[in-house]
Amino acid sequence: MTVAIDAGLLAALLLPLPYSELAQVKMSSWLAADEILVAPILLSYEVTSIFRKAVAQGWLTTAEAADAVEKLLSTDIHWVAPSAVLNRRALEWSERLGQRVAYDSSYLAVAESERVDLWTTDRKLANGARRLGVDWVRHLWESEEAST
């Protein structure tokens, strides 16, 4: 099986965030099940930006951020390159969701094209997709809610 992931989920594996433990449990379950992880190339830039912000806020040193970027790039992810079709779908998703930018919608476009679930830490994105009738977008807290 294959799952699409977003930048927030991967960042939570490398930074001490409130949902890091949930992300670690989810990633461990995917690895144990030999899931293939897919994401747009955009993810690597977004997570690098998140690490830079962590440095600016004093959460990480520059060296720690560089190590985190190295870990990110060594993660076994199938990187999906941009294409005219994916970019068009990202624009369409952005319009449907009422978003001004297409970053989040790029993850939707990749998951849609791969016909897989998208796992996100972005509740707003997950809820917006659900309002549109999309049943293949999951937010990280679903795994916790299902166990309670």
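Summary table below
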quantity	calculated
Test: residue in region 70-78 that is out of contact with any His (no Cβ under 7 Å at 6 or more places or on another chain), more than 27 Å from A109 (Cβ to Cβ) and of a type in the set (V, I, T)	no
Residue in region 50-70 that is surrounded by 15 or more Cβ atoms within 10 Å (Cβ to Cβ), among the aliphatic types (A, V, I, L, M) and under 11 Å from D6 (Cα atoms) present	no
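Laboratory data are not the source of any read-out in this text; all were calculated from the coordinates shown. Source: prediction; values computed, not measured. Note that each Cβ is placed from the backbone with ideal geometry, even for glycine, and that neighbours are counted across all protein chains shown.
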